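The structure appears below as structure tokens.
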Amino acid sequence: MTVDYERMLDRALRLRKQLPSGRYAPSPSGPLHLGNARTALLAWLQARLAGARFVMRIEDLDRSRVRPGCAKQMLDDLRWMGLEWDEGPDVGGKTGPYEQSVRDDFYVAALSRLRDARKIFPCFCSRKDIQQAASAPHGSDGPIYPGTCRKRDLGSEEKGRRSAALRYRVSAGTIEVEDVVTGPIVQNLGRDVGDFVVRRSDGIFAYQLAVVVDDALMGITDVVRGVDLRESTPRQIALLNALDLPMPRYWHIPLMVDGDGNRMSKRDGSEAVMTFRARGGKPEELVGQLAASVALCPQDTAVSAQELLSAHDLSVFTRTLRNRDAGAG
Ligand code: GLU
């Protein structure tokens, strides 16, 4: 499979030189809610305003969280909103497959590169072990890994009946990356996050590794996603650098909140696009409502995705998102 990885990377590197590419990468763990729909709309708008190719990728790595039929419904909802894509699970394309659950070979190839570079180590700590480690403070993403297994060698990945997770050994120093919308993201991985998991003990590849490999192999130049993933970015940069992959531009956009000011989530049954449709809502109403929430059109405007596209250019779009972000504080 090593050959495939190289060939796909080669193709993606050439593709990046020819044209920009954006993507939307939903996890099919529940119905598409309005917050997801807004992120998808903005990712699509950014790509199309930049004259970019747009890729749809289903992030279904964690099989236990996948809800049957959900991916199909999400794609249907996105199409109903007037979005379209050049490559994706339902339309095919040259950089597929477009479901992470069938891309393990690529992650295995990337992992073997990290292994060769001695960048990963086996770790037997449970979540509880890490939480209980005397000096483990909390970072923005849970407890900071205290380095318990850091000195372990690869090759000792089984202990009795327990399998190890694989962690990336972070380097000292600060990682800084300029986000198009929110400005600089600065993080010291050793201090703020610690060595992080790239493959879980149950064999499932971690989001951090999969996203980096997929974006690179799909030739993605612009990553537009929710600001909840902003703090993950330095981990992704570390992996990109270790794997010698090109870095995309990052656009972290605000998360949509519900009427009570709470973040929308698939689990708590936040308003689903499906529900909006079932009540007889029109795509133009939904697109208008989502666009108005980031000041891309006035309140109470019905507008199609295509009309929204025609009404903007990339610099106004970028400026509006930046102001919006500053306004949101
Ligand atoms: N799959 C993630 C989500 O649905 C998005 C990951 C990304 O855009 O990097 O929240």
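Where a number appears in this text, it was derived from the coordinates with a stated rule and is not lab data. Please read these numbers as outputs of a predicted model, since none were measured by experiment. Counting neighbours? That spans all protein chains shown, and the Cβs are built from the backbone with ideal geometry, glycine included.
To the nearest Å, what is the center-to-center distance of segment 111-179 and segment 201-238, using C-alpha atoms only?
Going from one Cα centre to the other spans 17 Å.
Which of the listed residues, T148, A292, N262, is farthest toward the dipole's positive end in the chain, when Lys, Arg count +1 and Asp, Glu count -1 at the beta-carbon?
Working it through, the farthest residue towards the positive pole turns out to be T148.
For the chain, which cysteines have no disulfide-compatible partner, meaning no other cysteine Cβ under 4.7 Å?
Singleton cysteines: C70, C125, C297.
Within segment 92-120, find all residues whose amide N lies under 19 Å from a label point positioned 7 Å from the Cα of D76 along Cα-to-beta-carbon.
92
Per residue of segment 220-231, in order, report the coupling 6.51 cos²θ - 1.76 cosθ + 1.60 (Karplus, θ = phi - 60°) as ³J(HN,Hα) in whole Hz, putting x for Gly and Pro.
Values, residue by residue: 6, 9, 9, 9, 10, 7, x, 5, 5, 9, 4, 5 Hz.
Starting from the Cα gyration tensor of segment 69-163, take the square roots of the eigenvalues, sort them a ≥ b ≥ c, and report rounded, prolate or oblate (rounded when a/c is under 1.5, otherwise prolate if a/b is larger than b/c, else oblate).
Prolate shape, in that a/c is at least 1.5 and a/b is the bigger ratio.
How much FRET efficiency would the formula 1/(1 + (r/R0)^6) give for D4 and A302, where r is the Cβ-Cβ distance and R0 is 51 Å, rounded to 0.05?
Rounded to the nearest 0.05, the efficiency is 0.65.
Can you tell me the length gained on complete extension of the stretch M274 to R127, counting 0.36 nm per residue apart and subtracting the Cα distance?
49.3 nm
Please name which of T221, Q46, L78 has its Cα lying farthest along the dipole of the chain towards the positive end, using unit charges on Cβ (Lys, Arg +1; Asp, Glu -1) and the Cα centre as origin.
The residue sitting farthest along the positive end of the dipole is T221.
May I have the extent of the alpha carbons of the chain along their three principal axes, as whole Å values ordered from largest to smallest?
60, 44, 38
What is the magnitude of the charge dipole of segment 180-327 about its Cα centre, with +1 placed on the Cβ of each Lys and Arg, -1 on the Cβ of each Asp and Glu, and no other charges, expressed in debye to the nearest 20?
Rounded to the nearest 20 debye, it is 140 debye.
Given the rule -39500 (n - 2.57) for each run of at least 4 DSSP H residues, summed and divided by the residues of the chain, what is its mean residue ellipticity at 222 nm, to the nearest 500 deg cm²/dmol?
-11500 deg cm²/dmol
Given q = 0.23 Å⁻¹, what are the Debye log10 I(q)/I(0) values for segment 97-147, with equal point scatterers placed on the Cα positions and solvent ignored?
One equal scatterer on each Cα of segment 97-147 leads to -0.86.
Compute the relative contact order of segment 4-74 as a whole-number percentage, counting only Cα pairs closer than 8 Å that sit 6 or more residues apart in sequence.
43 percent
Let's test the formula: R0 of 56 Å, r as the Cβ-Cβ distance of D141 and S310. What FRET efficiency results, to the nearest 0.05?
It comes to 0.90.
In debye to the nearest 20, how big a dipole does segment 274-329 give about its Cα centre with +1 on each Lys and Arg Cβ and -1 on each Asp and Glu Cβ?
I would put it at about 160 debye.
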